[in-house]
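These notes concern the structure reproduced below.
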Amino acid sequence: MVPSTEKDIEAVRTKCRRLVTRRAAVSAGVSVVPIPGLDLATDLGLLVNLIEEINVEFGLTPEQIGRLQPKSRVLVYEVVAGMGSVLVGKLVTRELVTHLLKRAGMKAMLKYTAKIVPVAGQIASATLGFAAFRVIGYQHVDACVKVARELMTLGVKQSH
């Protein structure tokens, strides 16, 4: 259900930011393991699940949006399109997250190339991985907050 008050939006925002930080820590932990490709595969899976969970918390999955009244549904998609969000209200796939990672590019490349240098490289990789993962997660939370606030302003409510 889309949060309908500023207090609700802030509560969901706080909960989701904590979730992002926990998942970023898992990503960083996997980055320390010196198996080529393991961190990338893990990050993809973690990000797909994380984005979906954030969308659920904000009531912005395709299924949740589909349960809105028709006028409200149109407003949601107009708000999402107006913000240019890639992941809000969309079916989240590995391909979509891979595209997002490519856009985040530089930090991700540094993370994966840092693994070449033993120990120090693994620590750098974990640090960069944590930061990049957290940035992507926080950006998605912020996008969902903006959508939720706009919908609150427009008076969009979940249909029963």
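The values are calculated or read from the model by the stated rules, or taken from the named source; none is laboratory data. Note that this is a predicted model, so its numbers are computed, not measured. We place every Cβ from the backbone using ideal geometry, glycine too, and count neighbours over all the protein chains shown.
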**Message:** From the list 22, 17, 73, exactly one residue is without any contact (Cβ under 8 Å) to a residue 12 or more places away in the chain and within 17 Å of residue 144 (Cα to Cα). Which is it?
**Reply:** 73
**Prompt:** Does the stretch 44-59 contain at least one residue that is touching a Ser or Thr at 6+ places or on another chain (Cβ under 9 Å), under 20 Å from residue 135 (Cα atoms) and modelled with pLDDT under 85?
**Reply:** yes
**Prompt:** Is the stretch 73-95 home to any residue that is closer than 17 Å to residue 42 by Cα and modelled with pLDDT of 65 or more?
**Reply:** yes
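Filter the stretch 38-80 for residues that are under 20 Å from residue 9 (Cα atoms) and among the small types (Gly, Ala, Ser); which is nearest to the chain's Cα centre (by Cα)?
59
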